[in-house]
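Enquirer: Input: one structure, supplied below.
The values are calculated or read from the model by the stated rules, or taken from the named source; none is laboratory data. Keep in mind it's a predicted model, so treat the numbers as computed, not measured. Quick reminder, even Gly has a Cβ in these numbers, built from the backbone with ideal geometry, and neighbours come from all protein chains shown. Keep in mind that these areas ignore ligands, DNA and RNA; they rest on the heavy atoms of the full protein, side chains included. Shrake-Rupley method; radii C 1.70, N 1.55, O 1.52, S 1.80 Å.
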Amino acid sequence: MKILALHVDHVEYEPIRPESSIYEEAERKAHRIEDALLLLTCVEKGDDAEIAIRALRELAEQARKLGASRIVIYPYAHLSSNLAPPSEALSILRAMRDEARALGIETYSAPFGWNKRLEVSVKGHPLAEQLRSYERAGERAEEIPQALLLEERLESYWYILTPEGDMIPVEEYDFKGHENLEALARYEIQKSRAVLEEPPHVSLMKRLEIADHEPASDPGNLRWYAKGRLIKSLLEQYVTEKVIEYGGIEVETPIMYDMNHPSLKRYLHKFPARQYIVETEDKRYFLRFAACFGQFLIAKDMSLSYRDLPLRLYELTRYSFRREKSGELVGLKRLRAFTMPDVHAICRDLEQAKEEMRRRLKLSLEVMEGVGLTKDDIEMAIRFTRDFYEEHKDFIFELVRMFGKPVLAEMWSERYFYFVLKWEFNFVDCQRKAAALSTDQIDVENASSYGITYVNERGEKMYPIILHCSPSGAIERVIYALLEKAYLAMMRGEKPMLPLWLTPTQVRLIPVKPEYLDDCLKILERLEKAQIRADIDDRDESVDRRIRDAETEWIHYIVVYGERERKGGLLSVRRRATGSVEKISLDDLISEIRKEIGGKPFKKLPLPKLLSKRPSFR
RNA sequence: GCCCCGGUAGCUCAGCUGGUAGAGCGGCGGCCUCGUAAGCCGCAGGCCGCGGGUUCAAAGCCCGCCCGGGGCUCCA
């Protein structure tokens with residue numbers, strides 16, 4: 001609770017019109033009170049009547065000392081950005097008024113919930129103006145990182161950068177042919193959102209038995225079913241392999257850290273996210289919101305030579321935790337616990353950092369392509385400080401050219417964060433909303449905060465530049481993008497599907513009658529030997545029915561096996577991609593699938609191969 | 001956080017202004033033995049999200065809370 005106490009010669013107010021959903025009855029006429037202590041009172045979240053009474057008693061005493069014979073309680077919201085809901089605020093204000101009357105002071109109250117004309121004449125003595133703040137005893141104020149507060153008043157300038165080297169203010173750019181980029185720009189700048197119901201990936205993730213909400217946990221912490229776990233695990237494995245090919249050195253670090261550790265404390269305040277807090281008997285820990293801490297703490301203990309750089313430390317966090325506001329959580333798109341590959345590159349100087357960033361942009365483009373998102377599916381945004389732009393224009397446009405499409409740019413007047421440049425790929429979904437996937441940043445601050453140094457050719461200790469990159473973004477978010485993309489295809493009248501290598505069942509075998517089950521089992525064995533996930537729908541259902549079920553599972557290849565196949569030796573294969581049914585040999589089917597999957601990771605199907613024995617998670 | 005919408009069988013949902021719960025799918029049993037997107041019949045299954053209130057009577061009305069979705073961050 002905040003109260004601005006003003007000792008006034010007179011105060012005059014006049015209710016004009018109700019302004020809040022909850023407001024008191026009031027007469028629209030001017031009220032004038034002479035020689036009073038005016039209490040401009042703001043009720044904040046978490047306040048209660050007890051605080052209000054304590055405040056009122058203290059200020060009544062103050063009024064007596066000042067020689068003010070009356071007080072005016074005036075609801076005044078403008079003293080806080082953390083207001084209590086109106087209904088609560090009103091009842092707390094009433095508690096104050098009751099207490100004032102109980103103390104026998106002459107009290108006036110301005111009505112709650114009204115827009116009012118206000119005129120005050122404050123006395124000219126040192127104690128005439130005082131701001132008081134009241135909190136519940138022993139309660140800690142909510143910990144909001146400074147960066148969150150700073151972000152709100154940061155000044156941004158928006159442009160479109162083109163591969164041709166133009167920098168065009170967003171409002172002058174013609175978005176024709178770049179509708180997704182336009183949606184991204186609108187989403188980022190105006191924060192305007194199209195109105196639509198639930199995003200389609202939410203029901204898809206449930207129907208396909210990928211993931212679901214877990215009511216027994218905190219919102220934004222999901223449960224993953226067998227198929228979802230498989231898809232997620234394949235993506236995790238894929239990204240990890242790509243990062244290791246690029247030169248990443250994989251490590252594993254703790255998920256919680258001491259809030260009072262000196263280097264962490266500073267970083268905590270430079271990163272705009274809310275934390276989960278874990279309290280033990282004597283300490284407070286926060287759950288990591290990225291892999292930075294663990295890797296930085298490792299790097300600070302290494303004795304690094306310039307010869308070791310760039311050093312690429314990598315971890316795939318399961319999980320990173322961010323306590324997003326409840327209203328911001330959405331399906332797989334925005335979670336409170338998520339899986340994120342995070343690779344840092346410790347570079348000797350800005351030149352090496354730039355070179356490294358080029359490689360990582362290329363890596364990220366490959367990873368996007370690999371998981372099944374093409375350049376048509378993503379839009380790039382680059383953000384940088386004005387100073388960095390002035391000195392490294394060419395480099396920025398080089399990144400734009402590597403992406404090959406116009407890019408949204410945000411220029412900051414000053415550096416508020418630990419980085420001077422960051423870029424990210426955004427996926428624009430069915431609701432025309434954007435979500436960031438891959439990203440990389442140039443960090444010029446944390447080497448010194450964490451005491452990370454290397455020794456140069458002349459034997460001097462130097463602070464490196466650190467790059468922070470997630471080549472895919474959160475794995476859950478990749479699945480969100482793939483599901484939204486599949487839904488968009490469905491809307492265009494195409495068959496929705498996931499990339500073959502991520503589809504849990506790649507081949508479904510359907511024996512026409514039980515007597516063909518043994519043949520199917522042999523085929524299954526051959527497929528599994530070739531690292532293809534297959535299963536057999538041996539349920540006592542019609543062939544039509546089993547085909548339909550396989551289609552609704554988005555299975556790429558459906559093989560119906562009966563007398564004709566046993567005699568002819570060729571398989572009848574229904575291909576999802578084309579919708580056609582063709583006769584081909586098992587060997588040809590295997591090589592077709594192997595070719596399509598290429599070098600992508602393989603994992604066995606973690607479910608019973610016979611559908612008659614397979615449990616349903618729903 | 002605030003506002004709006006929703007929570008009814010395992011799932012998806014119906015249930016008008018209060019009179020004590022329904023369908024389809026799924027499950028189970030039986031029949032059918034099937035050739036490229038749902039074969040037929042039967043049976044079981046419900047603290048109507050949770051707690052309180054109003055009422056002779058609440059799934060439906062009122063209050064609070066929890067969970068999901070959407071919007072907002074205006075403001076005493």
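Enquirer: Residues in region A:41-59: is at least one at pLDDT 75 or above, over 48 Å from the mean Cα position of the chain (by Cα) and surrounded by 15 or more Cβ atoms within 10 Å (Cβ to Cβ)?
Expert: For region A:41-59, residues at pLDDT 75 or above, over 48 Å from the mean Cα position of the chain (by Cα) and surrounded by 15 or more Cβ atoms within 10 Å (Cβ to Cβ): absent.
Enquirer: Right, next: Taking region A:314-373 as the region of interest, how many residues are at positive phi and either within 16 Å of RNA strand B (Cβ to nearest atom) or among the aromatic types (Phe, Trp, Tyr) (or both)?
Expert: Going through region A:314-373 one residue at a time, the tally reaches 1.
Enquirer: Next question, about the same structure. Does A:VAL478 satisfy the criteria of being crowded, with 20+ Cβ neighbours inside 10 Å and not assigned by TED's automatic domain parsing to the domain that holds A:GLU541?
Expert: Taking the combined requirement at face value, the residue satisfies it.
Enquirer: Has region A:584-596 got any residue that is within 9 Å of RNA strand B (Cβ to nearest atom) and β-branched (Val, Ile, Thr)? Walk me through how you get there before you give the answer.
Expert: Within region A:584-596, the subset within 9 Å of RNA strand B (Cβ to nearest atom) is none.
The answer is no, given that none of the residues of region A:584-596 is within 9 Å of RNA strand B (Cβ to nearest atom) and β-branched (Val, Ile, Thr).
Enquirer: Given region A:553-618, what strands (runs of 3 or more DSSP E) lie entirely inside it while holding 2 or more residues that are open to solvent by 50 Å² or more (accessible area, probe 1.4 Å) and not basic (Lys, Arg)? Spell out how you get there, then give the answer.
Expert: Values: elements: A:557-561, A:571-575, A:581-584.
Correct list: A:581-584.
Enquirer: Separate question: Working only within region A:61-79, note down all residues that are touching a Ser or Thr at 6+ places or on another chain (Cβ under 9 Å) and more than 7 Å from RNA strand B (Cβ to nearest atom).
Expert: Residues satisfying the conditions are A:ALA63, A:ARG70, A:ILE71, A:VAL72, A:ILE73, A:TYR74, A:LEU79.
Enquirer: For region A:506-545, which positions are of a type in the set (S, T, N, Q) and surrounded by fewer than 17 Cβ atoms within 10 Å (Cβ to Cβ)?
Expert: Passing the criteria: A:GLN531, A:SER542.
Enquirer: Could you list, ordered by first residue, the pairs with Cβ atoms under 7 Å in which the first is in region A:212-223 and within 13 Å of A:GLY331 (Cβ to Cβ) and in contact (Cβ under 8 Å) with a residue 60 or more places away in the chain and the second is polar (S, T, N, Q) and near RNA strand B (Cβ under 8 Å from one of its atoms), at least 6 apart or interchain?
Expert: As it stands, the answer is A:PRO219/A:SER326, since those pairs meet every condition given.
Enquirer: Given the structure, is A:LEU589 within 24 Å of A:GLU494 (Cβ to Cβ) and out of contact with any His (no Cβ under 9 Å at 6 or more places or on another chain)? Working first, answer last.
Expert: On the way: within 24 Å of A:GLU494 (Cβ to Cβ): yes; out of contact with any His (no Cβ under 9 Å at 6 or more places or on another chain): yes.
Yes: the conditions hold for A:LEU589.
Enquirer: On to the next question. Residues that are out of contact with any helix residue (DSSP H, G or I) (no Cβ under 9 Å at 6 or more places or on another chain) and either under 30 Å from A:ARG458 (Cα atoms) or in a strand (DSSP E or B) (or both): does region A:228-248 have at least one?
Expert: Within region A:228-248, none of the residues are out of contact with any helix residue (DSSP H, G or I) (no Cβ under 9 Å at 6 or more places or on another chain) and either under 30 Å from A:ARG458 (Cα atoms) or in a strand (DSSP E or B) (or both).
Enquirer: Which one of these is modelled with pLDDT of 90 or more and open to solvent by 80 Å² or more (accessible area, probe 1.4 Å): A:ILE244, A:ILE231, A:ILE255? Break it down stepwise before answering.
Expert: On the way: A:ILE231 fails: open to solvent by 80 Å² or more (accessible area, probe 1.4 Å); A:ILE255 fails: open to solvent by 80 Å² or more (accessible area, probe 1.4 Å).
When all the criteria are applied, what remains is A:ILE244.
Enquirer: Next question, about the same structure. Checking the condition in contact with a Phe, Trp or Tyr (Cβ under 6 Å, 6 or more places away or on another chain) and among the polar types (S, T, N, Q), which residue from A:SER320, A:SER303 passes?
Expert: None of the others qualify; the one that does is A:SER320.
Enquirer: Scan A:TYR389, A:TYR314, A:TYR319, A:TYR306 and give me the residue that is among the aromatic types (Phe, Trp, Tyr) and open to solvent by 60 Å² or more (accessible area, probe 1.4 Å).
Expert: None of the other options fit; the residue is A:TYR319.
Enquirer: Checking A:ARG548 against (1) more than 7 Å from RNA strand B (Cβ to nearest atom); (2) surrounded by fewer than 17 Cβ atoms within 10 Å (Cβ to Cβ); (3) among the basic types (Lys, Arg): exactly one of these is not met. Which one?
Expert: (1)
Enquirer: Taking into account only those residues within region A:481-500 that are surrounded by 24 or more Cβ atoms within 10 Å (Cβ to Cβ) and touching a Gly at 6+ places or on another chain (Cβ under 9 Å), which is nearest to A:PHE602 (Cα to Cα)?
Expert: First, pick out the residues of region A:481-500 that are surrounded by 24 or more Cβ atoms within 10 Å (Cβ to Cβ): A:481-484.
Of the ones still in play, those that are also touching a Gly at 6+ places or on another chain (Cβ under 9 Å) are A:481-483.
Values: A:ALA481: 21, A:LEU482: 19, A:LEU483: 20 Å.
Of everything passing the filter in region A:481-500, A:LEU482 is nearest to A:PHE602 (Cα to Cα).
Enquirer: Continuing with this model, one more query. Quick check on my filter: what residues within region A:528-552 are assigned to a strand (DSSP E or B) and among the small types (Gly, Ala, Ser)?
Expert: Pass one, region A:528-552, residues assigned to a strand (DSSP E or B): A:534-536.
Listed by number, the list holds a single entry, A:ALA534.
Enquirer: Between residues in region A:113-126 that are open to solvent by 30 Å² or more (accessible area, probe 1.4 Å) and modelled with pLDDT of 75 or more and residues that are charged (D, E, K, R) and assigned to a strand (DSSP E or B), which pairs lie under 7 Å by C-beta distance while being six or more apart or on different chains?
Expert: A:LYS116/A:GLU14; A:ARG117/A:GLU14; A:GLU119/A:GLU12; A:SER121/A:ASP9; A:VAL122/A:GLU129; A:LYS123/A:ASP9
Enquirer: Confirm whether A:SER572 is out of contact with any Lys or Arg (no Cβ under 9 Å at 6 or more places or on another chain), outside the structural domain of A:GLU366 (by TED's automatic domain parsing) and over 24 Å from A:LEU235 (Cα atoms).
Expert: No.
Enquirer: Still on this structure, please answer the following. Limited to region A:106-121, what total is found for residues that are more than 8 Å from RNA strand B (Cβ to nearest atom) and either in contact with a Lys or Arg (Cβ under 7 Å, 6 or more places away or on another chain) or among the aromatic types (Phe, Trp, Tyr) (or both)?
Expert: Adding up the residues that qualify gives 4.
Enquirer: Right, something else. Residues of region A:167-225 being modelled with pLDDT of 90 or more, aromatic (Phe, Trp, Tyr) and open to solvent by 30 Å² or more (accessible area, probe 1.4 Å), which ones?
Expert: Of everything in region A:167-225, those that are modelled with pLDDT of 90 or more, aromatic (Phe, Trp, Tyr) and open to solvent by 30 Å² or more (accessible area, probe 1.4 Å) turn out to be A:TYR173, A:TRP224.
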